[in-house]
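Nothing in this text is a laboratory measurement; each read-out follows from the coordinates by a stated rule. Note that the structure is predicted; figures quoted are calculated from it, not measured. Cβ atoms come from the backbone with ideal geometry, glycine included; neighbour counts cover every protein chain shown.
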Amino acid sequence: MSKGNSKLSLTLLAIGFVFLYAPILSLIIYSFNESRLVTVWAGFSLKWYGELFADSQIMSAAWVSIQIAFMTASLAVVLGTMAGLVMTRMRRFPGKTLFGGLITAPLVMPEVIIGLSILLLFVSLGDVIGIGSRRGMTTILIAHVTFCMAYVTVVVSSRLSEMDRSLEEAAMDLGANRVKVFFVITLPIIAPALISGWLLAFTLSLDDLVIASFVSGPSSTTLPMKVFSSVRLGVSPKINALATLMILVVSIGAVVAWWLMSRDEKRRQRDMQMALQKGD
């Protein structure tokens, strides 16, 4: 690559980063603004963080969203791992292609269609199990698991397809059953993918507005729904403070996940090197 092309690439890259992150940086800076106007700087202040924590409605919505996101991520990882194992480990069976298409359909389907279809499902089942007339955290959880599981399945399936199956076969040759092989061999190897899938599902659930708007009830307002209803009347500095805290939490989670995956990868490489040295 010539020197001119290299400078052009770096310039375009810098412009892209500025376009993506300058609004986020501006939001963080103005969350410490004294003024009520979000675009006029009047001095440094932490008062909007105090007002944010004093707002019981926002705190209640945040707690509801965190609970739903945590349960959604955990269930999506379990179901997504099972689906990934079916797609990569089981031989072809009648309907496998259809099964794979149904699992990955939420990846390409508009959220409006997903939310409306799940709402109609709950309404049709209302007379049978009574869930349609009592929409709340349970219905949001079911809806979020439905579309988050697809993302987890893709992440786990890609890791399983790249995994060296000879390790599993060697363990079974030594007398281990399939359950023990999964927990002792397979699970530690795909652990980084599980962590990535969990974080992805947690973020998608915490960020969802469209689907939750369809399936939520009056007593289960999520944080994105509360923020959306608030900004329609004008952006409050409290929203900037809330967004800053969310960015901080997500950044800490991403760094911790990266550190855990990096540590596991280094340990796995060290174990493989020790095994090769012993074999020599």
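How large is the helix-only mean residue ellipticity at 222 nm for the chain, computed as the sum of -39500 (n - 2.57) over DSSP H runs with n ≥ 4, divided by its residue count, in deg cm²/dmol to the nearest 500?
Taken over the chain, the calculation gives -26000 deg cm²/dmol.
Rounding to the nearest 20 debye, state how big the charge dipole of region 141-236 is about its Cα centre with +1 on each Lys and Arg Cβ and -1 on each Asp and Glu Cβ.
360
Between Ala170 and Gln269, what is the label-point separation in nm under the 7 Å Cα-to-beta-carbon projection?
1.9
Name the shape class, rounded, prolate or oblate, that the alpha-carbon gyration tensor gives for region 1-144, where a ≥ b ≥ c are the square roots of its eigenvalues, rounded holds for a/c under 1.5, and otherwise prolate holds if a/b is larger than b/c and oblate otherwise.
oblate
Putting +1 on Lys and Arg Cβ atoms and -1 on Asp and Glu Cβ atoms, find which of Phe214, Met149, Leu187 reaches farthest to the positive end of the dipole of the chain.
Leu187
Calculate the length of the line joining the C-alpha centroid of region 133-182 to that of region 197-241, in whole Å.
First find each Cα centre; the distance between them is then 28 Å.
Could you work out the mean projected area of the convex hull around the alpha carbons of the chain, in square nanometres to one decimal?
22.8
Apply the a/c threshold of 1.5 to the C-alpha gyration tensor of region 190-259 and tell me whether it is rounded, prolate or oblate.
Because a/c hits 1.5 or more and a/b fails to exceed b/c, region 190-259 counts as oblate.
Suppose every Lys and Arg Cβ carries +1 and every Asp and Glu Cβ carries -1, with no other charges. What dipole size does region 56-279 come out with about its Cα centre, to the nearest 20 debye?
220
Using only Cα atoms, what Kirkwood radius does region 36-106 have, in angstroms?
Here the Kirkwood hydrodynamic radius works out to 16.7 Å.
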